[in-house]
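Novice: Below: one structure in structure tokens.
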């Protein structure tokens, strides 16, 4: 706290005394910064920017580092919010409203720039992978896959003979990567399959694929699809696919290449062999081995996949306000952690700070400034 003539105010806000009897926030601080958002064409979009500090405070918005021109369609509201009345995309392919936005707030003490918020346009292009027809022995395994790159990520469902597939059947496993697995295939599973993708932009249907069911024959174990290399953030859910076929039906098991235990907490098996790890942590990173064993024998097939868990950057220590006499030195410290290791950049009044005669950046992320 700071004190002047009996008045106290929180140092975390920055404080000054006016006429000896009022505490006001002087230093700028963001109460609300813009967040990444997916906009829908021809609909309104609002980006938040709420600032506290001594007035008057001027708020300016930038897109890709360039000032955003205001108009009847694009306005900055009194509370600093940027309002785009109707999000636009030109027919020639240019996206005038798409980009990275930040807001810059300024008062007589200096300028503060918010985080960059990525604004994307919702879209759902055509499928780039369609399910393919297949012949499967009775009692075997069928696998269909479709892929589409939607913004936001599309919700995938499946149809058989133009009717929504029942997810209550335990032999049907739907994985979020656009994969449908059918285990213990029966004659009643034969039909025409297609996937349906939908998001806030559109709904699309894949090409159709036919599942033909044939008689049961002896087959050695085969892994139809093993785990793929996967990179996700902490606290997300990892799904490693492993689907195997053969007659008799192979037994699927999982292990880690480094010999460490996979554990049981947050671990679940989807279908007959897919591994789901909920709320992943950095300790879950590693190479996972899927094995398909023929019952009663040592015959097996294996497949490997690497899971990489990343941690978004977070600050452990950040710069604190200081008051120094002219000619003295000021030291600001900033410490952050994350996986991969974060790259730190210093800004002064919204502009990138470069080392000079009176500014030094040290390896422990300290900024030393000497007044001349």
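We did not get these values from a lab; they are worked out from the coordinates using the rules stated. Just so you know, these numbers come straight off a predicted model, no measurement behind them. Note that we place each Cβ from the backbone using ideal geometry, even for glycine, and neighbour counts take in every protein chain shown.
Novice: So how many residues does the range 42-65 have that are touching a strand residue (DSSP E or B) at 6+ places or on another chain (Cβ under 7 Å) and either under 22 Å from residue 89 (Cα atoms) or without any contact (Cβ under 8 Å) to a residue 24 or more places away in the chain (or both)? Steps first, answer last, please.
Specialist: First pass over the range 42-65, keeping only residues touching a strand residue (DSSP E or B) at 6+ places or on another chain (Cβ under 7 Å): 44-64.
Those still in the list that are either under 22 Å from residue 89 (Cα atoms) or without any contact (Cβ under 8 Å) to a residue 24 or more places away in the chain (or both) too: 44-48, 61-64.
Count: 9.
Novice: Tell me which residues, restricted to the range 296-313, are assigned to a strand (DSSP E or B) and more than 15 Å from the chain's Cα centre (by Cα).
Specialist: So in the range 296-313, the residues assigned to a strand (DSSP E or B) come out as 300-313.
Result: 300, 301, 302, 303, 304, 305, 306, 307.
Novice: Something else now. Of the residues 245, 183, 163, 167, only one is free of Cβ contacts under 8 Å to residues at least 40 places away in the same chain and under 19 Å from residue 272 (Cβ atoms); which?
Specialist: Values: 245 fails: free of Cβ contacts under 8 Å to residues at least 40 places away in the same chain; 183 fails: free of Cβ contacts under 8 Å to residues at least 40 places away in the same chain; 163 fails: under 19 Å from residue 272 (Cβ atoms).
When all the criteria are applied, what remains is 167.
Novice: Can you pull out every residue in the range 246-295 that is under 23 Å from the mean Cα position of the chain (by Cα), in a loop (DSSP other than H, G, I, E, B) and closer than 24 Å to residue 167 by Cβ?
Specialist: 266, 278, 279
Novice: Sort through 255, 198 and tell me the only one that's free of Cβ contacts under 8 Å to residues at least 60 places away in the same chain and surrounded by 15 or more Cβ atoms within 10 Å (Cβ to Cβ). Walk me through how you get there before you give the answer.
Specialist: Working: 198 fails: free of Cβ contacts under 8 Å to residues at least 60 places away in the same chain.
Result of the check over 255, 198: 255.
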